[in-house]
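The values are calculated or read from the model by the stated rules, or taken from the named source; none is laboratory data. As the structure is a computational prediction, the values presented were derived from the model and not from experiment. What goes into the accessible areas is simple: the full protein's heavy atoms, side chains included, and nothing from ligands, DNA or RNA. Shrake-Rupley method; radii C 1.70, N 1.55, O 1.52, S 1.80 Å.
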Amino acid sequence: MTTEIHEYLELDPDARTIACRKCGEEICDADANYKEHAAIRTGPITDAGPVFTPPEKIYDRDPDIEFRQFFCPGCAVLLDYEVVPADEPILHDLEIDVESLRE
Ligand SMILES: [Zn+2]
């Protein structure tokens, strides 16, 4: 049994892996940050289009803002994106408690 953990991601609690729901590509271990194992494209904030609030309104400083997109390495579906200062590490926003899923 796999568990849906994201629009395009599923977890196999027995194999302890995260895979793409679209193409089945195994992306990483369940306790890893899938974004670090995805195909990443980084670009300037302008790549994100006009939908985002200008960064100077979010941050006190005027940092270099990066637009990061994370794609499945198998089928290239867009898994997630983040708009962050360029010196920020990749966000780990999907932490999974594998043990609780196995119960
Ligand atoms: Zn895929």
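Segment VAL83..ALA32, full-extension length gain: 16.3 nm, with 0.36 nm per residue of separation and the alpha-carbon distance subtracted. Taking all protein chains together and rolling a 1.4 Å probe, ASP31 ends up with roughly 120 Å² accessible. You can think of it this way: the chain between GLU95 and THR3 has 31.7 nm of extra reach, that is 0.36 nm per residue less the Cα-Cα gap.
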